[in-house]
Each structure stands twice: as C-alpha cells, then as structure tokens.
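The values are calculated or read from the model by the stated rules, or taken from the named source; none is laboratory data. Given the structure is predicted, the values throughout are model-derived calculations rather than measurements. Cβ: placed from backbone, ideal geometry, glycine included. Neighbour counts: every protein chain shown.
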Amino acid sequence: MNARRIVLPVLLALAVFAAQAQEPKWIGSWGASPLPPSPGAGPFPATPSFNDQTVRQIVRLSVGGSRVRLRLTNEYGAKAITIGAVHVALADGADKLKAGTEKAVTFDGRASATIPAGSPLVSDPIDLNVPDLATLSVSLYLKGEAGACTCHATGMQDAYVARGDHTQGTFTPEQTVQMRAYLSGVEVLAPNAQAIVVLGDSISDGVGSTPGANRRWPDLFAERLNARKSGPRFGVVNHGISGNQVLADGAGQSALARFDRDVLSVPGATYVIVFEGVNDLGLGYGKLEGPLASIMPPPAIKPTRDAMVAGYRQIIARAHAKGLKIYGATIAPYEGAAYYSSDGNAVRQQINDWIRTSKEFDGVLDFDTAFRDPAKPTQMKDAFQAGDHLHGSDAGYRAVADSIDLALFR
C-alpha cells in the first residue's frame, strides 16, 4: 500500500482531534454548595432573609473564558422567588467595578426570572471576556419577599446588601454578610480547559484563612495551575461545606448525598479531589458541647474504618462511571480540636493508611503530611493551624496547595 495513502488519513484525524480539543466548551470556574436555612449556632450565623434587596457578591474565578454564565439556586427555598435583575462586572478590589465591563444578565432573554422552590436556574450566556483568576462582581436584586435564603454559609468574603435595585453602578451598602446568597456557580466558555472539583469540608471552605484574600487552599492551588507554561487550563470548583461529613447529613447533605449535584453536574469536570472525613470522626468518637452540639449531633452511622472506606468506594465508583479521575486526600491531624479523641484519631490513621496504600483512588494527595507537626504527628504544625487545631492558617493552606503534584493534572 502507498505510504502516502496511510499518512494522509492519520494526519487528517490528528487535525480533527486538535480542532476538537481547542473548541470552546463550558467549564466550571467557581462554585459554592447551597445549604438549607439554619437558625445558627456558635460561629455559624443564622441564615438571612431578603426582601426587595440587592446582594452584591464578589467571587474570584479560577479559569477565564470569552463568555460567562451563572448558576443561581433556590434549591432549599420554601417558595418560588423572583430575581428582578442581575448584573455582572469585572471588579477591581472589593466592590469597585471596572469601567466598561458591566453586563446585564438574562434568563431566556428576559431581565427577570422566577426560580421555583427546590430548583436551580442557569442564566443565558453573557458576552464578557474574563481572564484567568479574574474577580467578578455579581449583583442580584431579590424582588419582593424571598424568605430564608438558599445560601452557602461560609463565604470568607463580604457581600454587600442594600434595599431596592442597585444592580448597576456603585452603591452604599446598608449591611454586609459573609455568605454566598442564591449563587452556586460561575461557568466560562473556554478552549483547552477542564474542571477540577473539590469535595470537602470547612478546611476546603477556607475557615481560618484571611477573609477576602482568596487564601483557601483550592484558590492557591488554582494559582499554581494557572502559572504553568504548558498543558490544559483548569478551573477549580470549591464545593467544600463547613461541618460536612462523608456518611451523615448535618451541615448540609452528606458527601454521598450531594455528590451528583456538586460534582457530576459541573461542566467540564474531569477530576475530583475528596478531602473529607474529619467531621465524621470528630462527631462519631468525640463530643461537642454548647450551641454547636444542636446542629452537629453524633452521626447515626458509626464512622468505623470499614464504614468510611465503603463510603469512599461509593464515591470512587460514581466518579469512574462518569469518566472522572478521583484523588483521595488523607485526613489532616486534629489533636487539640474541640471534638478530638484518641479513638477517632486511631480510625483516622487506619483510613489514611488505606488511602495511601489501597490504590483504589487514582492518586493520593497527602494533606496529613503537609499539615502535621513532625515532632507530634497527631497535631497540625503550630504555624499551619488557625488557633483551633482543626483549620488551617494562611501558611497552612499554602503548604497544602504547594504539596500537590501538578503532574497529576494534565
């Protein structure tokens, strides 16, 4: 057979593959898991209600693109709510908007929309070119009485609230809240890009980091990925929920229950990082007292080593069924935390041994080693913890982000 007849089809196939790889696709760039309303306890504030008010929220995207769309949420609302207007803009600093970047957001071509109770709502695409690591302002006007918010409780970033429609231009806020209100995702249209979803708890949520500074470890991880000179670009979608557990509901639905919504629904997702388990162990073997005990009771399922491994295996199977690679992060040390116990720590070590040696995850991120004090491995290194021996400091989250082998993501 003529060699030219063989080579030409191969070259054509490679050209088609390269063109498809470069074709822009929707990619998750930012996320915040919605939570049901809560009366609040301890450090967790009560869920606010909004009535004829604008909420302006500032989010730091991971990967950029030529168009943007929003995922709004009323998934825990008791009734339908009306979104009167939405505007987005690139932001410079906290609430300062960059001139010429303001865009009205539409829903099926309309400026307003109704979100039924129990539902999400995806906006129309917005023609706005956003660079990697862009800061985006999202202003929502809640028309009329919206009731208790479907919010993400731990925003680690001020949101600005004022009566009436202030979705355009600047305004003087009447109050600030550190929650994500009715906003659960931002997606971008981008070529040669993929999404990594973080399924985690408060350590991924960024508790202990400097508010407003984007020093959660997933933010710092996104910075490292975007600094690479070659290879695909990655969005990092942080679906950590403070207090979340693998096996039991409590602070939000369990990781098992929310996996399809928070991971499999993210467009462009090819990888998932699972960094959960310390709350199962703390609540299952330790004891909380005071206001937190009312919203974080002991789990109904005892988090033994075998029960936890069975839960991880379910998550692995569901990720693999959709073609995602899944990496397991070892559970960080927590001696000194309010719910620490030696029994819980013993199970933690058994689970970490399984994560490291079983090869059931596609890869291992050893956050236990990144956080721990070499002189006392059951505790976080003092400079790496935020004062409660459970959550990281800015330096701790930097150490965790820096410990990740970027070669795992290609």
Of residues in the range 356-410 being in a strand (DSSP E or B) and among the β-branched types (Val, Ile, Thr), the one surrounded by the fewest Cβ atoms within 10 Å (Cβ to Cβ) = THR378
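What about ARG60, is it of a type outside the set (Gly, Ala, Ser), under 17 Å from TRP30 (Cα atoms) and outside the structural domain of PRO218 (by TED's automatic domain parsing)? Show your work before the answer.
Numbers: of a type outside the set (Gly, Ala, Ser): yes; under 17 Å from TRP30 (Cα atoms): yes; outside the structural domain of PRO218 (by TED's automatic domain parsing): yes.
Yes.
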Does VAL188 count as assigned to a strand (DSSP E or B) and out of contact with any helix residue (DSSP H, G or I) (no Cβ under 9 Å at 6 or more places or on another chain)?
-> yes
On the given criteria, is LEU189 buried (at least 16 other Cβ atoms within 10 Å of the Cβ), modelled with pLDDT of 95 or more and under 20 Å from GLU75 (Cα atoms)?
-> no
When restricted to THR73, THR47, the only residue modelled with pLDDT of 95 or more and of a type in the set (Val, Ile, Thr) is THR73
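I'd like the residue in the range 96-113 that is among the hydroxyl-bearing types (Ser, Thr, Tyr) and surrounded by 14 or more Cβ atoms within 10 Å (Cβ to Cβ) and, out of all such residues, is nearest to ALA181 (Cα to Cα). Can you show your working first?
Step one: of the range 96-113, the residues among the hydroxyl-bearing types (Ser, Thr, Tyr) are 101, 106, 112.
Now restrict to residues that are surrounded by 14 or more Cβ atoms within 10 Å (Cβ to Cβ): 101, 106.
Values: THR101: 22, THR106: 18 Å.
Per the criteria, the residue is THR106.
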Give me the pairs, please: first residue somewhere in the range 254-278 and of a type in the set (Lys, Arg), second residue anywhere and at pLDDT below 95, beta-carbon distance under 8 Å, and either six or more positions apart or on two chains.
-> ARG258/GLY252
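Starting from residues that are assigned to a helix (DSSP H, G or I) and either of a type in the set (Lys, Arg) or not assigned by TED's automatic domain parsing to the domain that holds ALA269 (or both), keep the ones in the range 300-322 and report whichever is nearest to LEU264 (Cα to Cα). Reasoning before the result, please.
Step one: filter the range 300-322 for residues assigned to a helix (DSSP H, G or I), giving 305-321.
Next, only the ones that are either of a type in the set (Lys, Arg) or not assigned by TED's automatic domain parsing to the domain that holds ALA269 (or both) stay: 305, 313, 318.
Numbers: ARG305: 26, ARG313: 16, ARG318: 9 Å.
Only one residue tops the list, namely ARG318.
Can you tell which of ALA32, ALA99, ALA85 is over 27 Å from LEU220 (Cβ atoms) and modelled with pLDDT of 95 or more?
Values: ALA32 fails: over 27 Å from LEU220 (Cβ atoms); ALA99 fails: modelled with pLDDT of 95 or more.
The unique qualifying residue is ALA85.
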